[in-house]
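Structure first, then comments.
Taken together, the values in this text are just the output of simple stated rules run on the coordinates, not laboratory data. These numbers were taken from a predicted model, which means no experiment stands behind them. When we count neighbours, we look across all protein chains shown, and the Cβ atoms used for this are built from the backbone with ideal geometry, even at glycine.
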Amino acid sequence: MKSILFTFILAITFSSCNAQKSFKNISERNGKVGIGTNNPDALLTVKGKIHTQEVIVDLKGAVAPDYVFETYFDGISALSPDYKMPTLEELAIYIEANNHLPKVPSAATLSEEGLELKKMNLLLLEKVEELTLYTLEQQTQLEQLKERLDLLEKKED
């Protein structure tokens, strides 16, 4: 019986040692876990690729950019009273001067600081909503021009 118990304990110890070896790229320091790093700087720090099927990001106080539509249709937004949608002319001037969209970090900044997924996704959604409104305005203008052109063509006949 003692030899069976000894063998069992030895097997568990051996398994334990092998398990630790298979996780040699995982570290812990000051309650922070690192994968691929010995110096985790957040609760979980991963240096390398992550493969997952889905990531859910809590907004935790962040404002979804419905303020773009509120401002456009109501003149002001309760969600973000300071938001102002730039005109296409203002946008063109900004892009020419800065080589990136307003509020969007430059390539140099992104290279140096990385990006925060929550912040960037909300910012990109803001830009998509702005683009949608610009497109709707342009479509209205196109339809008005088509009507005017049709009227001119009828007058020529």
Suppose every K and R has +1 on its Cβ and every D and E has -1 on its Cβ; what is the size of the dipole of the chain about the Cα centre, in Debye to the nearest 20?
1820
Residues with amide H under 5 Å from that of Arg29, placed H, sequence gap 5 or more:
Gly34
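Could you sort out which of Lys47/Lys103; Lys103/Lys127; Lys32/Lys103 sit more than 21 Å apart by Cα distance in this structure?
Lys47/Lys103; Lys32/Lys103
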Each residue of region 147-157 in turn: what ³J(HN,Hα) in whole Hz from Karplus with 6.51, -1.76, 1.60 and θ = phi - 60°, glycine and Pro shown as x?
4, 5, 5, 4, 4, 5, 5, 5, 5, 6, 6
I want to check the label-to-label distance for Gln141 and Ile56. Put each point 7 Å from Cα in the C-beta direction and report it in nm to one decimal.
4.3
For region 104-121, just list the computed ³J(HN,Hα) in residue order, Karplus coefficients 6.51, -1.76 and 1.60, θ = phi - 60°, integers in Hz, with x standing in for Gly and Pro.
7, x, 5, 4, 5, 5, 4, 5, 7, 10, x, 9, 9, 4, 4, 4, 5, 4
Sequence-separation-based contact order of the chain, relative, with Cα cut under 8 Å and 6+ spacing, percent:
11
Cα-based Rg of region 29-157 normalised by 2.2 N^0.38 Å, two decimals:
1.59
According to a simple spin-label model (label point 7 Å from Cα along Cα-to-Cβ), what is the distance in nm between Leu131 and Ser27?
4.1
Of Gly31, Leu151, Met120, which is farthest towards the positive pole of region 21-157's charge dipole, taken about the Cα centre with +1 and -1 on the beta-carbons of Lys, Arg and Asp, Glu respectively?
Gly31
With Ala78 itself left out, Lys, Arg at +1 and Asp, Glu at -1 over residues whose Cβ is under 14 Å from its Cβ give -4
